[in-house]
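Have a look at the structure below, then the notes.
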Amino acid sequence: MASDRDFRQLIRVRYDRAGDILTFSFTAQPQPAVAEEAADDMWVRYDPDTHGVITVDILNFADRVRTAFGPQLTYDERADLQRLAERQPFDVLPAGNGGARQV
């Protein structure tokens, strides 16, 4: 399971509208990695030696959003850095663990 430190090392989030893929990147530069399907249409690329996560890809992202929240929900790929800086940390429930931790 990832530690709190791992979540803070998120470098970039990118949405590819043409491919409908949301990608979370945890390294500044691309690097060789092993890819595994972690769930339906969710791929994790990681360093086989350190097991550090390089990227997480969510395929069919727009369809997933529409299925979960309905067609009225829309989103835009932009970052309001001032708004993000003002946000408070939020609780995350790690998979397989009932306790929340702050991120």
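The values are calculated or read from the model by the stated rules, or taken from the named source; none is laboratory data. Because the structure is predicted, anything quoted here is derived from the model rather than measured. In this analysis, Cβ positions are derived from the backbone assuming ideal geometry, glycine residues included, and neighbour counts consider all displayed protein chains.
Among the numbered conditions (1) modelled with pLDDT under 90; (2) more than 16 Å from Asp20 (Cβ to Cβ), tell me where Tyr75 comes up short.
It is condition (2) that Tyr75 fails.
Please name all residue pairs, on different chains or six or more residues apart, with Cβ atoms under 9 Å, provided the first residue is in segment 24-37 and is under 9 Å from Ile11 (Cβ atoms) and the second residue is surrounded by 11 or more Cβ atoms within 10 Å (Cβ to Cβ) and polar (S, T, N, Q).
From segment 24-37, the pairs are Phe24/Thr55; Ser25/Thr55; Phe26/Gln9; Phe26/Thr55; Thr27/Gln9; Thr27/Thr55.
Just need a number here: residues in segment 33-53 that are surrounded by 14 or more Cβ atoms within 10 Å (Cβ to Cβ) and within 16 Å of Val65 (Cα to Cα).
So the answer is 2.
Which of the residues belonging to segment 22-32 are buried (at least 16 other Cβ atoms within 10 Å of the Cβ) and either modelled with pLDDT of 95 or more or outside any strand (DSSP E or B) (or both)?
Those that are buried (at least 16 other Cβ atoms within 10 Å of the Cβ) and either modelled with pLDDT of 95 or more or outside any strand (DSSP E or B) (or both): Phe26, Thr27.
Gly19 fails exactly one of the following numbered conditions: (1) crowded, with 16+ Cβ neighbours inside 10 Å; (2) modelled with pLDDT of 90 or more; (3) in a loop (DSSP other than H, G, I, E, B). What is the number of that condition?
(1)
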